[in-house]
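Engineer: Please find one structure pasted underneath; my questions will follow.
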Amino acid sequence: MTTATATAASRRRRSRSVLPTISTWVYIAISALIVLPPVVWIVSTSLKPEADTIKFPPEWIPSPISFDNYIGLLTPTNIRFFVNSLIYAGGSIVLALAICIPAAYVATRYRSRRMETLMTGILVLSMVPAIVVFIALYSMFVKTALINTYPMLIVVYTAIICGQSILFLRNFIENISVGIEEAAAIDGCTRLQILWHIIIPLIRPGIAAIAIFIFVFVWNDYLVGTVLATTEDMKTVQNGIVRYITTGFGNFWGLFSAFIIVAFVPVLTIFVAFQRWFIAGLTSGGVKG
Amino acid sequence: MSIASSPRTQAPEAPPTSKVEVIRRRREDRRVWLYVLPVSAVFLFVFIGPLFYTAWTALHETKYYQIGEFSGLNSFVELLSDPNLPNSIRTTLVFSLGALIIALPAGLLSAIVLNSLHRFKRSVRSLFLLTWLMSQATVGTIWLWFLNPNFGPATAITTSLGFGPTDVFSSPTTALLAVTLITAWWSYPQAMLLFLGALQTIPEELRESLKVDGGGLWHDFVNITLPFLRNTIVSVVVVLLMLYVQMVTIILVTTRGGPLRATETLSMRVFNQTFNDFNLSGASATAILLFTLNLVLTLAVIRFRRKESL
């Protein structure tokens, strides 16, 4: 960016525009140098033929370019990881919305001291370190048939993101004028009808942001799959990534890199397509990583 | 649940108009509790039950995952007399504060830079957010590969400069340093997003009025931005600290708490005691210590949420 265009863009800062602009772009360049190398390295590795991945000194630009690693990913185990993650994410979105929307609604509209206490309790509990809860859940259910099932993991994922989802949805519901609901109530709408026909259509952007947030959370989570899914056929995409490092033998770096790229594509696509909602969901709290 | 059946204590005042009466009557309605019942049930199952179970196991002998005889506070005595505990606490502090010291200024600076941009805002924001979009497992493993002592590009650079290969994960000090830096690398956008939200609420007139006085860039920052962000800074500190205290995944995929327990934070210790040592009562005692530490941070974050409705 030249200083001339910068001045045009921020005419307000005429006199001091040169120095801040330069330092801004120096900062951005340094950030790029810190953020990008590992990412570029993974992309590069994923496009190399197997033998080239362990060449030393390493080459940044793969030549020849090969897509063998991506084709090599198509194994039943890997596909299972992706299907599992999709089931966990989809199930958690449905369950979380089904239980959080009603809760957020009554918590916003029917305030009482008792309700506030319950909501604070939910918020406090949802900040309990995940590992504390997981080891207890693991040791409670390791002997039962509940561990290692889709419903069990979906309920756990849902519980972890519930606190934030309710908090976020409440902000949306608070912005809706009570007048509409009063009018509907006088016309004889029941509470459920008000929620279904008035509230839900009005908070659709909030619901979308929450759904995106839940998808990314579940898709990126490693710990639940590690602790509560004990057999290979129930593990998640993230377990699939780490599996190359922990159990891989021989030269697995090409496949590993391709797997990381493929696992990152859904998140990246959602980010690019719904950037605004995505960021809204991210800023909703984001205490859980 | 008991809440659903308990009588209400708040007596409503006599409603004057019919419209208000409708709303009042709805407020009294006990059926609102049906709407929070599913959430409460899920929390009972996933949080409250396991927390009681953790306390219960901490008070008993355990062998593998079988709970044995009641042992009182034995596991806590064991925990506090464990020579590894001070080391674990020290590691937790170094890791959390270290990552915080890097991620907080990086997040603030990135937010300020992003906020001052007029062109390429979207691209720069994507660049700054990139690491946060990646999963913790991805972040840990790509750094493992980047820093690989045999084939990684980092090694190529350090060897060409005359240093040895980047075998950072095999020595205690460098392993802790690496894990801390990687965590900061991954998490600084979280701070940035929170700061960005707050920066956008600074009224432009405030800046303009100081411009007339002829304040410099630094003057601007110290006199407007920092005071305005004071509350946000405190809440970002708490949010990040909670994130770091709970961190398991990045440490687990890179070092598993090693070498020589150098990267074993309290969270990692809970994991290792459960899955490596099969010492469930020990793990539960550590978990309760971790829970207490986290509760303090949680109460702080809720206080600040209330204050500025973040």
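The values are calculated or read from the model by the stated rules, or taken from the named source; none is laboratory data. Treat the numbers as computed from the prediction; the structure is a model and nothing was measured. With ideal geometry, Cβ positions are generated from the backbone for all residues, glycine too; neighbour counts draw on all protein chains shown.
Engineer: If you check residue A:82 against the conditions, is it out of contact with any Phe, Trp or Tyr (no Cβ under 6 Å at 6 or more places or on another chain) and over 24 Å from residue B:48 (Cβ atoms)?
Structural biologist: So residue A:82 passes the test.
Engineer: A further question on this structure: Return the residues of the range B:42-96 that are loosely packed, with under 14 Cβ neighbours inside 10 Å, within 14 Å of chain A (Cβ to nearest Cβ), within 17 Å of residue B:279 (Cα to Cα) and aromatic (Phe, Trp, Tyr); say none if nothing qualifies.
Structural biologist: Hit for the range B:42-96 is B:64, nothing else.
Engineer: Are any residues in the range A:22-59 touching a residue at least 24 places away in the same chain (Cβ under 8 Å) and basic (Lys, Arg), and if so, which ones?
Structural biologist: Once the filter is applied, which keeps residues that are touching a residue at least 24 places away in the same chain (Cβ under 8 Å) and basic (Lys, Arg), the range A:22-59 yields only A:48.
Engineer: Could you please find all residues in the range B:166-181 being crowded, with 17+ Cβ neighbours inside 10 Å and either among the aromatic types (Phe, Trp, Tyr) or modelled with pLDDT under 85 (or both)?
Structural biologist: B:166, B:169
Each row is one residue, and each column tells you yes or no for (1) basic (Lys, Arg); (2) modelled with pLDDT of 90 or more; (3) out of contact with any helix residue (DSSP H, G or I) (no Cβ under 9 Å at 6 or more places or on another chain).
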{"residue": "A:76", "(1), (2), (3)": "no, yes, yes"}
{"residue": "A:99", "(1), (2), (3)": "no, yes, no"}
{"residue": "A:113", "(1), (2), (3)": "yes, no, yes"}
{"residue": "A:128", "(1), (2), (3)": "no, no, no"}
{"residue": "A:146", "(1), (2), (3)": "no, no, no"}
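Engineer: Let me ask something else about it. Yes or no: residue A:208 surrounded by fewer than 21 Cβ atoms within 10 Å (Cβ to Cβ), in contact (Cβ under 8 Å) with a residue 24 or more places away in the chain and within 22 Å of residue A:93 (Cβ to Cβ)?
Structural biologist: Here the answer is yes, as residue A:208 does meet what is asked.
Engineer: Out of the range A:156-180, which residues are at the interface with chain B (Cβ under 9 Å from one of its Cβ atoms), touching a residue at least 40 places away in the same chain (Cβ under 8 Å) and crowded, with 19+ Cβ neighbours inside 10 Å?
Structural biologist: A:156, A:158, A:160, A:162, A:163, A:166, A:167
Engineer: Consider the range B:35-66. How many of its residues are assigned to a helix (DSSP H, G or I), among the aromatic types (Phe, Trp, Tyr) and more than 16 Å from residue A:133 (Cβ to Cβ)?
Structural biologist: 1
Engineer: Within the range A:119-128, identify whether any single residue is at the interface with chain B (Cβ under 7 Å from one of its Cβ atoms) and not in a helix (DSSP H, G or I), and answer yes or no.
Structural biologist: Within the range A:119-128, one or more residues are at the interface with chain B (Cβ under 7 Å from one of its Cβ atoms) and not in a helix (DSSP H, G or I).
Engineer: In this structure, is residue B:193 among the aliphatic types (A, V, I, L, M), within 25 Å of the chain's Cα centre (by Cα), modelled with pLDDT under 85 and closer than 25 Å to residue B:129 by Cα?
Structural biologist: no
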